[in-house]
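Just below is one structure, and these are the notes that go with it.
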Amino acid sequence: DGSYPFPPLESIDQKFSTKNFEGRWYISAGLNKVFDTFPCQVHFFTSPQEGVLYGKLNWRIVEPDGEFFTKNAVQRFVQDPKNPGILYNHDNEYLHYKDDWYILDSDKDFFLVYYRGSNDAWDGYGGAFLYTREPTVPPALVPRLEAAAKRANLNFDDFVRTDNTCPTLDPKDIPQLRERYAKKELILTEDALAQQVTAVRGNAVSAISSEEKEAVKAISKLEKLAENDVRQLEKVLEKEAIVIEKEVEKDVGSLFKKQPERN
């Protein structure tokens, strides 16, 4: 319907390098509320060679009953040889979907991406999102993001900040949530169905062949990046727990400390 046209060529980052996309990134803001604002979006990328990018994407699907499910997928992008700021994710079996990424601006700590896509269910969907090294949008970065978005005829004020706090769900609440959801009657319109199948398009692993040596190595590296990230988080939590424990011991000790006698 023309909602997501091709961005002006002059709005695309011509200095973008896939090698700069290595490591862990968060989607800290998104434009399309259907696809771009899922909570807990932490992604890991590796570039085995210049112009090729593999990403392990993690996000949460929150059901109407409050329960959530964690999803992940591995996708492969190829850089346009003439326009470094354009990445293609094509040749996918699931719905024959195609996603084209346009890097509007980038630096060592952020990437602003506008995308357009099509599949058998929906031709012409799109959106935009911001990758940052930290879970939230750095305030000092906003003026630069506003300028980059404006060059692509977008308004950064329309972007929604995502929730990357990644809270846990108490297992005791799951049966009750599912029972509540089962009692609801869900009616899908044709448009809503198209949105649903498009939202999970990345879950099809982008038809990456397990026989490709490059893919095997890239996926192995992505798995290690994700595992290391979990270990680092566990170490931080362990250190915080020790500090808190010592503070509690100090407070308790002060309560039972003998008070000096008064004359």
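The values are calculated or read from the model by the stated rules, or taken from the named source; none is laboratory data. A quick note: this is a predicted structure, and the numbers were derived from the prediction, not measured. Cβ atoms come from the backbone with ideal geometry, glycine included; neighbour counts cover every protein chain shown. Side chains included, ligands, DNA and RNA excluded: accessible areas come from the protein's heavy atoms. Shrake-Rupley method; radii C 1.70, N 1.55, O 1.52, S 1.80 Å.
So I86 ticks every box in (1) at pLDDT 95 or above; (2) open to solvent by less than 20 Å² (accessible area, probe 1.4 Å); (3) closer than 19 Å to S118 by Cα; (4) in contact with a helix residue (DSSP H, G or I) (Cβ under 9 Å, 6 or more places away or on another chain) but one. Which box is left unticked?
Every condition holds for I86 apart from (4).
Collect the residues in segment 26-40 that are over 13 Å from F111 (Cβ atoms) and out of contact with any Gly (no Cβ under 7 Å at 6 or more places or on another chain), keeping them in residue-number order.
Selection gives K33, V34, F38, P39, C40.
Go through segment 27-47 residue by residue and tally those that are modelled with pLDDT of 90 or more and open to solvent by 30 Å² or more (accessible area, probe 1.4 Å).
Looking only at that region, the number is 3.
For segment 15-33, name all the residues that are of a type outside the set (D, E, K, R), out of contact with any Pro (no Cβ under 9 Å at 6 or more places or on another chain) and not in a loop (DSSP other than H, G, I, E, B).
Hits for segment 15-33 are N20, F21, G23, W25, I27, A29, G30.
Those residues that are out of contact with any strand residue (DSSP E or B) (no Cβ under 7 Å at 6 or more places or on another chain) and surrounded by 14 or more Cβ atoms within 10 Å (Cβ to Cβ), I need them from segment 152-168; list them, please.
Across segment 152-168, the qualifying residues are F156, D163, C166.
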